[in-house]
Amino acid sequence: MDSLHAPWRIDYILSPKEPKPDGSVFTRIAQSSDDVGNYVIARGKSTFAVLNLYPYNGGHILVLPYREVADLDDLTEDELLELMVLLRRCKQALTTTMKPEGFNVGLNLGRVAGAGIFEHLHFHLVPRWNGDTNFMPVTGSTHVLPEALADVAARLRAALAL
């Protein structure tokens, strides 16, 4: 089994967390009009997609509802359907723009399941390439992301606008 390592995420883990205002960081992004600054790549009626600021791989996308809900059972049928449709559209955009050889798709429900922001469910869509876990995480405690988030976001926004 291959391991997916992300040691550079330690900055996020160790960073001071601001007191929780009304809603999660995802709720604040959902309500913001600064899509470029927040790396939002697509918006639907009840869902949106954003690049992960602390990605496991370049192109790591989060797909989530606007409403802050912690569990799939809390979603309406329309929200659930739109989440899946947007997840598929994002996968297609990644395939077109980044040409990955595979994907990890996941949903962590609850803190003990690994959810960092457990109060606002979100799907992870992580593009994968053969050999994308290389010597850098092992020997240098770092990871090489070949493109800046802003560049990836712009490419994916263009692909999703079609």
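The values are calculated or read from the model by the stated rules, or taken from the named source; none is laboratory data. These figures come from a predicted structure and were not determined experimentally. Cβ: placed from backbone, ideal geometry, glycine included. Neighbour counts: every protein chain shown.
Here is how the numbers come out for the structure above:
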{"read-out": "Members of segment 60-117 that are part of a loop (DSSP other than H, G, I, E, B), charged (D, E, K, R) and out of contact with any His (no Cβ under 8 Å at 6 or more places or on another chain)", "value": "67, 71, 99, 101"}
{"read-out": "From 94, 83, residue being within 16 Å of the chain's Cα centre (by Cα), modelled with pLDDT of 95 or more and closer than 21 Å to residue 147 by Cβ", "value": "94"}
{"read-out": "Selection status of residue 82, within 18 Å of residue 128 (Cα to Cα), touching a residue at least 12 places away in the same chain (Cβ under 8 Å) and acidic (Asp, Glu)", "value": "no"}
{"read-out": "Near pairs, Cβ below 9 angstrom, 6+ apart or cross-chain, from segment 96-109 (within 9 Å of residue 125 (Cα to Cα) and surrounded by fewer than 18 Cβ atoms within 10 Å (Cβ to Cβ)) to any residue that is at pLDDT below 90 and among the polar types (S, T, N, Q)", "value": "104/57"}
{"read-out": "Subset tally (residues that are under 19 Å from residue 13 (Cβ atoms) and small (Gly, Ala, Ser)) for segment 24-61", "value": "1"}
{"read-out": "Any hit, segment 27-43, residues being in contact with a helix residue (DSSP H, G or I) (Cβ under 6 Å, 6 or more places away or on another chain), surrounded by 12 or more Cβ atoms within 10 Å (Cβ to Cβ), part of a loop (DSSP other than H, G, I, E, B) and at pLDDT 85 or above", "value": "yes"}
{"read-out": "Failed item in (1) surrounded by fewer than 18 Cβ atoms within 10 Å (Cβ to Cβ); (2) closer than 22 Å to residue 13 by Cα, with residue 80 passing the rest", "value": "(2)"}
{"read-out": "Residue in segment 51-73 that is in contact (Cβ under 8 Å) with a residue 60 or more places away in the chain, of a type in the set (Val, Ile, Thr) and either in contact with an Asp or Glu (Cβ under 8 Å, 6 or more places away or on another chain) or over 22 Å from residue 117 (Cα atoms) (or both) present", "value": "no"}
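Here's the yes/no breakdown for (1) among the acidic types (Asp, Glu); (2) over 18 Å from residue 56 (Cα atoms):
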{"position": "74", "(1), (2)": "yes, yes"}
{"position": "78", "(1), (2)": "yes, yes"}
{"position": "82", "(1), (2)": "yes, yes"}
{"position": "104", "(1), (2)": "no, no"}
{"position": "112", "(1), (2)": "no, yes"}
{"position": "122", "(1), (2)": "no, no"}
{"position": "126", "(1), (2)": "no, no"}
